[in-house]
Amino acid sequence: MDEKDPRQGHASSDIHILPPSPYTDVRKSSFIKGKLPPENEEILPKNKNVEKPRTSFLYDPRRKTLLGRSSLNWARLALFYTIFYFCLGMFFVILLTAFAWMLDREVPRYYNRDSTMAVRTTATVVGMGFRPQPEIDDSLIRITSDPHQQIRIASSLRLYRDVYLIQRNDAKIEECSEVEPASELVPGTACSFNWFHIVNTADHPCSDNNMYGFKNEEPCVLVKLNKVYGWTPSKGPLPPRIQDLRNIHSNKSVSKPDVYITCEGSNPADKDALHDVKYYSVGKPSGSIKYGIIPNYYFPYRNAPDHVQPFVLVQFKNLPLNRLISVTCRAWEPGMEHDSKAMRGMVAFQLFRSHLIEKPNIDDR
Amino acid sequence: MFREKLTTRKNLEALKHEIDLDEHKLSINEVYRRYGTSPAMGLSEERASVILERDGPNDLTPIRRTPEIVRLAKNMFGGFAMLLWIGAVLCFIAHFLELYTLDDPQYDNMYLGIALASVIIITGFFSYHQQAKSSKIMESFKYLVPQQACVVRHGKSRNINPDKIVVGDIVEIQRGNRIPADIRIIRAHGLKVDNSSLTGECEPQVRGIEYTNDDILETRNLAFFGTFAVEGSCIGVVIRTGDKTFIGRIANLTAGIERGHTPIAVEITHFIRIITIIAVVVGVIFCICSLFLGYTYVEAVVFLISIIVAQVPEGLLATVTVCLTLTAQRMARKNCLVKNLEAIETLGSTTVICTDKTGTLTQNQMTVAHMWFDNHIIDSDIDAFHTQSNYIKYSHCWSALARCATLCNTATFTDDPNNLSKPVLQRQCEGDASEIAILKCMEDITGNVSNYRSINSKVCEVQFSSSNRYQLSIHSTDDNDERYLLVMKGAPEKIIKNCSTIYVDGCEIEFNQFWKTQYETAFKELSNHGERVLAFADYRLPLNKYPRGYEFDCDTINFHVNPYFEHFNFPTDGLRFLGLISLIDPPRVNVAEAVQKCRSAGIRLLMITGDHPLTAAAIARYTGIITDQDTTEQLIENVFDNNARSCVIHGSTLKTMNSIQLDNLIKYHQEIVFARTSPQQKLIIVETCQRLGEIVAVTGDGVNDSPALKKADIGIAMGITGSDVSKQASDMILLDDNFASIITGIEQGRIIFDNLKKSICYTLSSKIPELSPFLLYMIFQIPLPLGTIAILCIDLGTDMLPAISLAYERAESDIMKRPPRDAKTEHLATDRLISMSYGQLGMIQAGGGFFVYTIVMAENGFFPSRLFGLRKSWDSRSINDLEDSYGQEWTYEQRKALEDTCHTAFFVTVVIVQWTVLLCCKSRRNSLFRQGMSNHVLNMSIIFETLLAILISYTPYINRGLMMYPLKLHWWFLPLPFTLLVLIYDEWRKWIIRKYPGSIIDQETSY
């Protein structure tokens, strides 16, 4: 029985049927998936073709594709990215140039307390440095009787001196004194201070002739405060330690304190071994056994081209043989903070004196 | 794996040799002999316990539940998690390498390893928790009413637990009981069983003692475990128990089927492969570079590992899990319960839905569909009635038919005021399904059936039975006619024989050849719609022969003993033919719409049903599954015509087909209805579809559907009517049993696939700004611009919520109007997505990061020219006076503080550039202005990530813990040029894609 019949053939009869569903008439081929392939097509071989070798996604020799792309495709991709990265690079460079144009080359944008140098504190953190330091990841100073070793270690200090501690004749410098401190200098000029202010004679214990003391196995170690733009020692009473050393006990606030440098063994045992220390500073080039002094008028540092950071030479005499000594040097001024973990206001290095020609094994310190 | 497959094969084979059951063919005495039992005595208690010992309890072996710990482990070590584990292990290896070779080891790698491990563990527990939650809902479905079974032992009938039943037991089954085992029926009184869970036929099946069919499901003398006796009672001998029962076999087969990976799992594997290849290639290239740059082997290996690990998207696992969970929750609100998170997406990529008919497409409730009287076919739809109400009101024929239909009906509404106050269609009823349908129809049209029945009291009745196939009753009427009225209803061919006149337009005329032809036409018309047709007739018994008070003898006793012997003291022929009423299990209201939506979404619908081809085809037409107007006979012939669009195939035809024929059948016909299919045929159909590369969703409720449900890529069970076995086997449950809910599922599945893509694009875009600092640190020896902890802050902190918020993004276009994704070519992560995310968005971000890094460094004193080659001094603890471009000297601590400040600035830059990257990822083609900003979760996430960055940078202790530093205010504005660049570039790119589809930009950048 055909469904169409009653509607057409029997139109005269009274039978009429509502369409079974409103949708059946409407849609005939709203979605036909693909074309109908020819009949009796074998499926199995087709399936085999689909199974590609596993490496074909890397390189398909048949279609000549590398990672699924033909050479033309790769070229197009390369072209796209060349243009893209060129534009991105230009954008980056333009922004950076604009920024560089705005940046002051003489004065840092942030310094002193504003800069990250302050770490998480509100006070400026000033560190210290020492020389010679022949290896950048080691703070050991080796003192030997071997001349070659002596030359090697001394040359580290000499190099540093030649680069940083010499002021040429045409340098823009002026004499500084308590009356004319560095803070009142014209920008661009530096205080007159260099190596020879301390090592003022050729037979100074730390002179070149003595190979900075290394020749006599009584090494001079250069100890200095870090250059920090705009930093000056802060006003206040001198630290008790310095008051003891100076034998002047007074808690009176000093308005322009000098910076005192002391060195001692890091541990009690090292302190005992390190009994003969001499400080050569600018005020006392002949040496002091209590402390070194860096006068207040050398501060602040203002990025002058010919600036030489004031320093103190510390000579260690009568070092025991074959014994590693840890030395800690501290800078003292009223506001100075000391933190041995973060090396705030101090520096640490090791001394090792030996007479053995062979390199002693001291790595497991 | 192989072994499992083998057992599945074996099971499948076992099911294919469908039956080793011949008890229905044997004579009943042979059955007794076989099981050593007798109908009167039953088994002895001792023998029963021996058999119980041998066969085990009459219970289905519960589906082997995966132990909790294994499920947890699966969540911890599956797919993506494995990638992260490898990353974590590599981290620890790198850490120990550093620890033993370097003087000053960094703990970054260890932190990274710990972070990775925590991410996996937390996400693992999270998804395990999600699974446990949905399986808890599953538990609540398990209502196992402890029923007693009545058995005869030692000649005495007693109630025992059904699990104690053994083969050979004689069981007595009453109306409403569950059949406790597979039984051969010895004696039956009007027994009807509901086999719907086995075959999907919604009509109760008549069962008796006759052997009527070779097929065990068709033959009348067998009843099966798990089905219900809806009417009548019987006594039977148990022939199979427990796992050997029909249902038990299917349940075991189901348990044996191993399902392949879900499409999303395949996609994730594919994604992992791409990421791994890129990571390893980049790692090896830079490892070789580092060797050329003079690093030691150990350093090079540490670099290699660091580079590989740096490319592991730590946050993505959590993002994907949360996105899927959110969608699952959204779907649960729309009555789709998802058992397996990964299954959500499967529905979105489904290409074929194999749907069951009964209960899914239809309401599983017989309803009056059409009536034929006065030579008209009238739709019984209530609306139709109202439009024709005048016509009906004055039709004598209608009132006679309505009277007959009302009176000759034993169904009643359950007598409960609560029930009676409900709308007619929702009322609980008692009685046969078709009688209920007629009752409801009459109540709806004429109203107050019970009152009408009481004033036209019944004098005598003959109940419907399968043998006489009619039903009659005699009433005294209230229309002032003294004569008794005989009303009769039944199978048309039976009724027609008893009629001599026909009632047309108020006239009783001879039922001649013309009217018989008219009747034939109408009958064929209706039955072609798959409707079950009942004929109605009445007869006024002459007052002189049958006066008031006449004792009608229906010969009930005799009738029950021998149904073929009819002996009444009143005539049952010469009746007046009134008309036909046809019944159907109608499709659910919105199914046709849903089917239409499926079709426009490019999804093929195949109907697989155990029902009769005619009925199946009719429903398929109603719902639009078949749009071909040809007759069903034509459709059945279409099976062998590859050019036909639609076809209907009978299970027996299907049985004769080999796999190539089956492939062709499914390939060349768009619309197929499989009728009279057995469970294993359903399975084969699903397998065939899968072999053709389709992603198959199967809906079903019956036990017979479970193997197919399990085998399908996504099995969808019915929450209300579904059997436990089918729910166990499925991935998703429609709580309202409504096929239309599937549409929601498909929509959500497709959205989530698109959105996951966006999410991945977003998450990966921050990988380049995270990786490039390390590469530049290595090659140009600059201080490290971005540290490990900052990377973790991005991946597991600020990037998480925005990436998740993309799951809430609305669809870009009408996703239900495009075909499902092609699983072979359309991947979650394509090379273009990676190229776009890494090569373009990532590079712009990295550019922004380095720009800000340079400025922070320069403003603190280190010009770019100073930075190059500085690494070794920078990282040396022994150097406490490193000079910058202004001559200032920095201690190690100060340098590291500056480095960490740079990390913070770089991190903030990534966050700020990610603002617009997120906006760009909102759409793949549409302009942002068209896509809109209505995704408030996403808007909030932008604010959130910024607040989080502020919190990380400025909160004391937190910033110290995360090695971050407070930034100067103006550093926050430095990334803005790059933020804008991303937006402008991407809008331009999308504009090109829309304007010039197929252009180089489209081909290289649309993902």
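Read the figures in this text as sums done on the coordinates, not as results from a lab. The structure displayed is predicted, hence computed values, not measured ones. For neighbour counting, all protein chains shown are included, and Cβ atoms are generated from backbone atoms with ideal geometry for every residue, glycine included.
Some points to look at:
- Per-residue Cβ neighbour rank within 10 angstrom, fewest leading, B:Arg676, B:Arg273: B:Arg273, B:Arg676
- The protein assembly as shown - share of DSSP beta bridges that are antiparallel (%, nearest 5): 75
- Extending 7 Å from Cα along the Cβ direction at B:Glu510 and again at B:Arg259 yields two label points whose distance is 6.7 nm.
- FRET efficiency, 1/(1 + (r/R0)^6) with R0 56 Å, evaluated for B:Glu633 and B:Cys289 via beta carbons: 0.15
- Only Lys, Arg, Asp and Glu carry charge here, each on its Cβ (+1 for the first two, -1 for the last two); on that basis the stretch B:367-584 has a dipole of about 140 debye about its Cα centre.
- Gain on full extension, evaluated as 0.36 nm per residue between B:Gln1003 and B:Lys422 minus their Cα-Cα distance, stands at 203.1 nm.
- Among the listed pairs B:Lys817/B:Lys995; B:Lys74/B:Lys922; B:Lys133/B:Lys710; B:Lys711/B:Lys817; B:Lys922/B:Lys990, those beyond 23 Å (Cα-Cα): B:Lys74/B:Lys922; B:Lys711/B:Lys817
- Between the Cα long axis of helix B:263-292 and the first principal axis of chain B there is an angle of about 10°, rounded to the nearest 10.
- Computed about the Cα centre, the dipole magnitude for chain B is approximately 740 debye when only Lys and Arg (+1) and Asp and Glu (-1) carry charge, each at its Cβ.
- For the residues of A:103-109, the average number of beta carbons from a partner chain within 10 Å of their own beta carbon is 4.
- Zone of A:Arg62's modelled label, taken as backbone nitrogen in the stretch B:824-844 under 20 Å from a point 7 Å along Cα→Cβ: B:824-826
- Surrounding net charge for B:Ala717, when Lys and Arg each add one and Asp and Glu each subtract one, Cβ distance under 13 Å: -4
- Size descriptors for the stretch B:827-961, from the alpha-carbon set: Rg then Dmax equal 19.1, 59 Å.
- Average other protein chain Cβ within 10 Å of Cβ, residues B:857-864: 5
- Dimensionless Rg/Rh of chain B - Kirkwood Rh, Rg from C-alpha atoms: 1.12
- With only the Cα atoms considered, the protein assembly as shown has a convex hull volume of 252 Å³ per residue.
- Separation in nanometres of the label points that stand 7 Å from Cα toward Cβ, at B:Lys458 and B:Glu53: 5.3
- Residue among A:Pro300, A:Tyr279, B:Ile308 farthest towards the positive dipole end of the protein assembly as shown, charges placed on Cβ: A:Tyr279
- Relative protection proxy for B:730-739, B:612-621, A:184-193, from highest mean packing down: B:612-621, B:730-739, A:184-193 (other beta-carbon atoms within 10 angstrom).
- Burial ordering of B:Met963, A:Met346, fewest other beta-carbon atoms within 10 Å first: B:Met963, A:Met346
- With the highest mean first, a sort of the peptides A:90-101, B:525-536 on other beta-carbon atoms found within 10 angstrom per residue produces B:525-536, A:90-101.
- Compared with the dominant Cα axis of chain B, that is its longest principal axis, helix B:613-623 is turned about 50°.
- Listed peptides B:291-297, B:239-245, A:80-86, B:901-907 appear in the order B:901-907, B:239-245, A:80-86, B:291-297 once ranked by packing, highest mean of other Cβ atoms within 10 Å at the front.
- Rounded to the nearest 20 debye, the dipole size of the protein assembly as shown about its Cα centre is 2500 debye, using +1 on the Cβ of Lys and Arg and -1 on the Cβ of Asp and Glu.
- A:Ala75/B:Val280 FRET efficiency (R0 30 Å; Cβ-Cβ; nearest 0.05): 0.75
- The stretch A:56-102 shape via C-alpha gyration tensor axes, a/c threshold 1.5: prolate
- The calculated FRET efficiency for A:Met90 paired with B:Thr101, based on their beta-carbon distance and R0 = 25 Å, is about 0.05.
- Selection from B:Ile186, B:Ile278, B:Met41 lying farthest towards where the dipole of the protein assembly as shown points positive, charges on Cβ: B:Ile278
- Principal-axis tilt of helix B:740-765 within chain B, Cα atoms, nearest 10 degrees: 10
- Once both labels are positioned 7 Å from their Cα atoms along Cα-to-Cβ, the gap between B:Ser927 and B:Glu551 label points is 9.6 nm.
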